[in-house]
Amino acid sequence: LVEFMWPALFITLSAWCYCRKPNFIVLGIWIIATASLYFINNSWWAMVTLPLIFLLPSINLDFPRWKYAFYFYYPAHLIVLWLLK
């Protein structure tokens, strides 16, 4: 249902490299890769994820963990998006 093509690969690899060995060069590549999603979906909303990724670890939120929540949530949210379309 969603295809982000090459930018998704670059985002994933640059985020992984940054998590392994943080530096400004890899962070810049990660930002550019995320910004390149604009050419696919004509929206800058993907850039909102970067501040969230860096700010959320500093907030202490206690959520209960459900082992199989992903297997219910993910298909359900795709169905909702499909119905809204």
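Computed over the chain with a Gaussian network model linking Cα atoms closer than 10 Å, the most mobile of Phe24, Phe39, Phe63 is Phe63.
If I take every Cα pair under 8 Å that is 6 or more residues apart in the chain, average their sequence separation and divide by the length, what percent do I get for the relative contact order? Show your work: numbers first, answer last.
Numbers: 35 pairs, mean separation 16.6, N = 85.
For the chain, the relative contact order is 19 percent.
Just Leu37, Leu56, Leu13 to compare: in a GNM of the chain, with alpha carbon springs under 10 Å, which one fluctuates most? Looking only at Leu37, Leu56, Leu13, the biggest GNM fluctuation is shown by Leu56.
Computed over segment 25-65, the P(r) curve from all C-alpha pair distances, binned at 5 Å from the origin, holds 5, 20, 21, 19, 14, 9, 10, 1 percent per bin. Sorting Thr49, Thr12 by solvent-accessible area of protein heavy atoms yields Thr12, Thr49, largest first, with a 1.4 Å probe. Across Ile25, Ile31, the residue with the most accessible area heads the list, and the full order at a 1.4 Å probe is Ile25, Ile31.
Along its principal axes, the chain has C-alpha extents of 39, 34, 18 angstrom, given from the largest down.
The values are calculated or read from the model by the stated rules, or taken from the named source; none is laboratory data. Remember, predicted model here, so these are calculated numbers, not experimental data. What goes into the accessible areas is simple: the full protein's heavy atoms, side chains included, and nothing from ligands, DNA or RNA. Shrake-Rupley method; radii C 1.70, N 1.55, O 1.52, S 1.80 Å.
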